[in-house]
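Chemist: Shown below is the structure under consideration.
Throughout, read-outs are computed from the coordinates displayed, never taken from laboratory work. None of these values were measured; they are calculated from a predicted model. Note: ideal-geometry Cβ built from the backbone for every residue, glycine included; neighbour counts use all protein chains shown.
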Amino acid sequence: MLGRVLVYESAAGRIAGRVVEVEAYRGADDAASHAHRGRTARNAVMFGPPGHAYVYFTYGMHHCLNLVTEPRGSAAAVLVRALEPLDGLALMAKRRRGAERPRLARGPGNVARALGLTREHDGLDLTRGPLWISSRRPDRGGFRIARSPRIGIRRATDRTWRFYLAEHPCVSAPRRARRGRRRPRTGSSGGENFVDRRGPHP
DNA sequence: GTATCGATTAGC
DNA sequence: CTAATCGATACA
């Protein structure tokens, strides 16, 4: 996904952006996943065939876009956390109350907001439009791939399933850990950054 | 039935 | 740090 271009051809206009930050979520084995406790009306698309959009509503005000990645019956999806805006910047800015380019689609709620995605788009087939991933070769612009724990979750925080283009201006920087009582570190290496020298997680 | 929380964000 | 804001989830 990283470096690929997401395109949305809506009635309001065409929007395109390079994927620069994602997170992986799985099913029953992933306590942080919406699919952790099985299929519901909300997460049903995650259990459907791959290549579909799972759009959920959260915090009473935000939508987030996921791309379903595994075969029917096996729940898994990739959360799109940030895009580098490439096309339709004026339209995005309008929806994002005039944010500057690096912030137009930084953060999963802002991605959906900039594209105008809601629960109505839940289940869209990415192989049939109007929302799709360009088949163009991924272009990471020389930025290396880094990984970190997923953001904003409380369970399964030891899994480093957030992947992003390091130093890319459109990537949402993870909040620094709270000061005060330090949590015992579960991982191996001490954690300055999470650069992944082995490439993406399988 | 009621209480709590969340794959977030903007603002102070 | 917190309010915003409501669907999903937890629990009596």
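Chemist: If you rank A:PHE57, A:PHE163, A:PHE47 by fewest surrounding Cβ atoms within 10 Å, what's the result?
Modeler: Going from least to most buried by this count: A:PHE57, A:PHE47, A:PHE163.
Chemist: Kindly put A:SER172, A:SER33 in sequence by how many other C-beta atoms sit within 10 Å of each C-beta, fewest to most.
Modeler: A:SER172, A:SER33
Chemist: Also: Considering only A:VAL80, A:GLY48, A:TYR59, whose Cα is most displaced toward the positive end of the charge dipole of segment A:1-160, charges sitting on Cβ of Lys, Arg (+1) and Asp, Glu (-1)?
Modeler: In segment A:1-160, that residue is A:TYR59.
Chemist: Moving on. Give me the percent relative contact order of chain A, please, defined on Cα pairs under 8 angstrom at least 6 residues apart.
Modeler: Relative contact order, chain A: 24 percent.
Chemist: As a test of the formula, what do you get for chain A when each DSSP H run with n ≥ 4 contributes -39,500 (n - 2.57) and the sum is divided by the residue count, at 222 nm and rounded to the nearest 500 deg cm²/dmol?
Modeler: For chain A, the value works out to -2000 deg cm²/dmol.
Chemist: Please rank A:ARG155, A:ARG162, fewest neighbouring Cβ atoms within 10 Å first, as an exposure proxy.
Modeler: Ranking A:ARG155, A:ARG162 by Cβ neighbours within 10 Å, fewest first, gives A:ARG155, A:ARG162.
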